[in-house]
Amino acid sequence: MTRLKMGMVGGGIGSFIGDVHRKAASIDGMIDLVCGAFSSSEDKSIASAEVLGIPKHRTYGSFEQMIIEEVKLPEEERMDFVSIVTPNHMHFPPAKMALEHGFHVICDKPMTLTLEEAVELEKIVQSSGKVFALTHNYTGYPMVKQAKAMIAKGDLGTIRKVNVQYLQGWLATAVEKTGQKQAAWRVDPNKSGIGGALGDIGTHAENLVEYITGIQIKELAADLSAYGEGRTLDDDGNILLRFDNGAKGVMTFSQIATGEENNLGVKIYGTKGSVTWYQENPNELVVKWLDQPKQVYTPGGNGGYPEASEYVRIPAGHPEGYLEGFATIYRSFAKELNQIKDSKSGSTLPDFPTAQDGVRGMKFIYAAVESSKNNAEWTKLI
């Protein structure tokens, strides 16, 4: 496959998620970082590029400058796609401009600041003919792939009940008032949007459930809270779910659950069996049957599904995790771009979250906020 050239928006010195994306993109040897507008400050962008080994003439003071200048380069030199790793309010502008100038886009989640932006961006993706991927990285774990395959094949029967949780404790105190940048923008509605923990981790739970089960949330009843003093955005939430196939579910998420680290977990119950998966123990998928003993599947282990083993990079028993989950999305995205280069057409169902999933996530945020404002009234995802 042709090594693809990546440009990055955001992710400068001090950025957590930018470094994650760069490491993940490099894992499978399919992508090279060649340019970037790493900060809204030109000096900081230049300083970041020096650390990353990016030449000065491929370092830009703004995403607008990067896109305009990269278009001018010969096709064999210019970037193939843009990776957007900024806070939420700066997802839509560079994504829109990149797509309209002929570049593919991979973007951190949630897709945009507002639902209106998300709907418009989905239309731009469709009209541009370019590939757009959203980094809901937990869909990249092999055992998540296996759970999805088992349900798609009917192994678990009809899905009837879903429990999903995403519990963190890092906002249990007012860390946003201590100069912690990651916390500061997440509690700011001008940068985060109308959802706090809801948008940051609740959308991961929503996307994971819909990805694994293949069914969609039809309506919900949400009770959101802001426990942190002075916070206007939620830092905790509990949501009842109704799915389009008649299944029911419960979601709980929090960033003030004291002592929790990254406790994302899902339990899905069908008429024939159930699956349980936890992100903090990602190598185990527990399957319980109506009439058989419990089974535990592991990546690369005996009995694993090909849909899972395709994404295993190392021998069985060696842990793969967070970075590899991101890397799987980058690898699938890179394969899609190479397929387009070779055949001039991509797959109809690429195995990574798309703009359509991004719109689903924004509809979920808006429905949950609306429901909570109305005393947890049942609200449809419009």
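Throughout, read-outs are computed from the coordinates displayed, never taken from laboratory work. From a predicted model like this one, the values you see are computed outputs, not experimental measurements. Every residue, glycine among them, receives a Cβ derived from its backbone with ideal geometry; neighbour counts consider all protein chains shown.
Listed values, structure above:
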read-out	value
Greater than 19 Å apart at Cα, pairs in K96/K181; K267/K373; K218/K363; K5/K341	K96/K181; K267/K373
Derived scalar couplings ³J(HN,Hα) [segment 65-80; Karplus, 6.51 cos²θ - 1.76 cosθ + 1.60; whole Hz; x for Gly, Pro]	4, 4, 5, 5, 6, 5, 4, 6, 6, x, 4, 6, 10, 5, 4, 8
Amide H partners (placed H, <5 Å) of K218, local residues excluded	R242, F243, D244
Residues listed by number, segment 120-160, amide nitrogen under 20 Å from S345 label point at 7 Å toward C-beta	126-132
Cα long-axis angle, helix 322-343 against the chain (0 to 90 degrees, to the nearest 10)	60 degrees
Rounded to 5, the percent of DSSP beta bridges in the chain classed as antiparallel	60 percent
Burial ordering of W185, W289, fewest other beta-carbon atoms within 10 Å first	W289, W185
Between helix 16-26 and the chain: long-axis angle, C-alpha atoms, 0 to 90°, nearest 10	80 degrees
In degrees, nearest ten, helix 355-373 long axis to first principal axis of the chain (Cα)	60 degrees
Theoretical ellipticity at 222 nm over the chain - DSSP helices of four or more residues, -39500 (n - 2.57) apiece, nearest 500	-10500 deg cm²/dmol
Most fluctuating residue given options K267, K123, K363, as computed from a GNM of the chain linking Cα atoms under 10 Å	K123
Footprinting exposure proxy for V296, V82, V119, V312 (fewest neighbouring C-beta atoms within 10 Å first)	V296, V119, V312, V82
Prolate/oblate/rounded label for segment 243-382 (Cα gyration tensor, a/c 1.5)	oblate
For segment 1-111: rounded, prolate or oblate by the Cα gyration tensor [a/c cutoff 1.5]	rounded
Residue with peak Gaussian network fluctuation, the chain [Cα springs, cutoff 10 Å], from G14, G228, G249	G14
Choice from Q216, Q339, Q165 showing the highest fluctuation, given a GNM over the chain with Cα pairs closer than 10 Å	Q339
The chain: relative contact order as a whole-number percent, Cα under 8 Å and 6+ apart	19 percent
